Amino acid sequence: MFPETRGFLLLTRKTAKKPAGKKPAAAQAKRAKAPKAAKAAKAATKAKKSAKPVKARKKPVVSAKKPAAPAKKPAPQSDLLRRILASLDDDKAENVVTIDLEGRTALCDAAVIASGRSSRHVGAMAEHLARRLKESGYGTRPVSGQAQGDWVLVDAGDVIVHLFRPEVRDYYDLEGMWSVGGRK
């Protein structure tokens with residue numbers, strides 16, 4: 001090899017094999033300034049945010065425990081609820097349960113759950129109930145699920161009536177959902 005080329009090869013080898021962590025001093029200085037500037041900007045925004053007046057948090061008022069309320073008397077049955085129960089009794093509904101929901105939900109004041117022996121029996125009870133409510137002056141009441149007859153819902157306003165086939169009633173267990181005793 002010629003001496004001129006040998007020096008050229010050494011020069012290219014030295015510049016080509018830079019250690020991975022080493023960078024020229026000028027590039028390191030520029031990169032070092034950039035994070036410092038970003039950190040300074042973040043610190044300035046934090047200072048502006050903290051300069052806002054801090055509102056004092058109100059402490060919750062801790063009151064002494066109230067004595068246990070006396071046992072509730074059963075709510076008096078409304079005229080609507082009496083008519084519904086009479087209609088279901090006339091149609092030979094089985095396992096009629098009335099759930100008082102007053103104060104527990106804004107949806108209704110009471111729910112009546114009853115079973116019929118078959119899909120046809122459940123549908124007939126719903127049809128008779130809706131007709132009797134209309135004749136009593138409560139207007140036309142919406143009935144849902146009458147075509148299938150598994151679970152029929154009659155919305156009587158303040159009282160919602162659920163009519164089930166026994167298997168479907170056991171499956172959905174509405175009494176258990178509303179924490180009413182007497183069922184599984």
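Bear in mind these aren't lab numbers, they're just calculated from the coordinates by the rules spelled out. Keep in mind that this is a model prediction, so the values were computed, not measured. We place every Cβ from the backbone using ideal geometry, glycine too, and count neighbours over all the protein chains shown.
For the range 72-161, give me every one of the strands (runs of 3 or more DSSP E) that falls completely inside it and has 1 or more residues that are on the phi < 0 side of the Ramachandran plot, surrounded by fewer than 18 Cβ atoms within 10 Å (Cβ to Cβ) and without any contact (Cβ under 8 Å) to a residue 12 or more places away in the chain.
151-155
When residues of the range 110-123 are filtered for being out of contact with any Asp or Glu (no Cβ under 6 Å at 6 or more places or on another chain), closer than 24 Å to D158 by Cβ and of a type outside the set (V, I, T), how many remain?
Step one: list which residues in the range 110-123 are out of contact with any Asp or Glu (no Cβ under 6 Å at 6 or more places or on another chain), which gives 111-114, 116-123.
Checking which are closer than 24 Å to D158 by Cβ leaves us with 111-114, 116, 122-123.
Next cut, of a type outside the set (V, I, T) only: 111, 114, 116, 123.
Qualifying residue count, the range 110-123: 4.
Look through L88, L101 and report the one residue that is over 33 Å from the mean Cα position of the chain (by Cα) and either among the β-branched types (V, I, T) or under 23 Å from Y171 (Cα atoms) (or both).
Values: L101 fails: over 33 Å from the mean Cα position of the chain (by Cα).
Just a single option satisfies the conditions, and that option is L88.
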